[in-house]
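Reading through the structure tokens given below for one structure.
The values are calculated or read from the model by the stated rules, or taken from the named source; none is laboratory data. Fair warning: this is a prediction, and the values are worked out from it, not measured in the lab. All Cβ positions, even for glycine, are placed from backbone atoms using ideal geometry, and neighbour counts span all protein chains on display.
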Amino acid sequence: MLLGDVFPNFEADSTFGKMKLHDFLGDSWGVLFSHPRDFTPVCTTELGRAAQLSPEFIKRNVKLMALSVDSLEEHHGWSKDIMAYNNAEPGSQFPFPIIADDRRELVERLGMLDPEEKDRSGMPLTARCVFVIGPDKKLKLSILYPATTGRNFDEILRVIDSLQLTAHNRVATPVDWRVRTSVWRLMRAVLILLSVCNVCGSALKPGNSVMVPPSIPETEAAALFPAGVYTKDLPSGKKYLRYTPQPNTQQQ
Ligand code: BEZ
């Protein structure tokens, strides 16, 4: 699967019933993530965290789906353990579907197996794959982790913020960027107004801004970004480090 490929419209059994991927997604974004086995420690902490963060994914119009090579019955039993691990109210439901791939059809079709890691019977384990799928059903991002390294779901939310911002705006997000909400930007604007030494455009500088991609010529950049473009002087004299304030996002 390469970035930009249409994600296969697979059919599967899940803890939320039978699903067909494209119908399940509808107009939403999706994150399909696999884990090696049910009832394992790292996977339990990961799905616990994903369940806690589920409202954050919903806020971003993202549907989560987990997958492993265990059966529906095992998924239902393990979901209860995960909710108990989270100290959730007794009887509360695990918030998103877990796909049962006990015949290993999907993990093979989607290239999710890690040939380096084997289970007790010598079968390759499923890697910790993360596939982010856009509303156009195309693959927007994929990350592969080995079984021994748990994922960071705050990072998955962060990359979704970047993917959604850059899907609607011709900008790129720099290292460690985090989305700025309108409340944050309002407070920042007030602070800048109150601070005389900050008046010279610090709102445009690193930490507050996103990058103008190299594909946009200088003449076009000025028109495209009326909030301003700050270009950092560099020893090479090349004007490629260009910042502009983060455009508005849907997340207010
Ligand atoms: C785990 O989830 O804890 C795990 C699963 C397979 C290999 C190593 C760790």
With Met1, Met65 as the choices, which residue is within 19 Å of the chain's Cα centre (by Cα) and modelled with pLDDT under 95? Met1
Filter result for Ser54 (of a type in the set (Ser, Thr, Tyr) and surrounded by fewer than 15 Cβ atoms within 10 Å (Cβ to Cβ)): no
Which of the residues belonging to region 134-156 are away from the ligand (no atom under 16 Å from the Cβ) and either among the polar types (S, T, N, Q) or assigned to a loop (DSSP other than H, G, I, E, B) (or both)? Gly134, Pro135, Asp136, Lys137, Ser142
Of the numbered conditions (1) within 20 Å of the chain's Cα centre (by Cα); (2) within 16 Å of the ligand (Cβ to nearest atom); (3) not acidic (Asp, Glu), Phe24 satisfies every one except a single condition; which is it? (2)
Restricting attention to region 105-121, which residues are touching a residue at least 12 places away in the same chain (Cβ under 8 Å) and either closer than 20 Å to Ser142 by Cα or assigned to a strand (DSSP E or B) (or both)? Leu106, Val107, Arg109, Leu110, Gly111, Met112, Leu113, Asp114, Glu116, Glu117
Residues Gly150, Gly122: which one is of a type in the set (Gly, Ala, Ser) and more than 18 Å from the chain's Cα centre (by Cα)? Gly122
Selected residue [part of a loop (DSSP other than H, G, I, E, B), within 30 Å of Phe24 (Cβ to Cβ) and hydrophobic (A, V, I, L, M, F, W, C)] from Val179, Val159: Val179
From (1) within 12 Å of the ligand (Cβ to nearest atom); (2) more than 13 Å from Val69 (Cβ to Cβ); (3) not polar (S, T, N, Q), pick out the condition that doesn't hold for Phe131. (1)
Please tell me if Ser79 is more than 21 Å from the chain's Cα centre (by Cα) and hydroxyl-bearing (Ser, Thr, Tyr). yes
Matching residues, region 162-176, being in a loop (DSSP other than H, G, I, E, B) and at negative phi: Asn169, Arg170, Val171, Thr173, Pro174, Val175
Within region 29-100, helices (runs of 4 or more DSSP H) holding 1 or more residues that are within 12 Å of the ligand (Cβ to nearest atom) and hydroxyl-bearing (Ser, Thr, Tyr): 41-52
Could you please give the count of residues in region 15-42 that are without any contact (Cβ under 8 Å) to a residue 40 or more places away in the chain and crowded, with 22+ Cβ neighbours inside 10 Å? 0
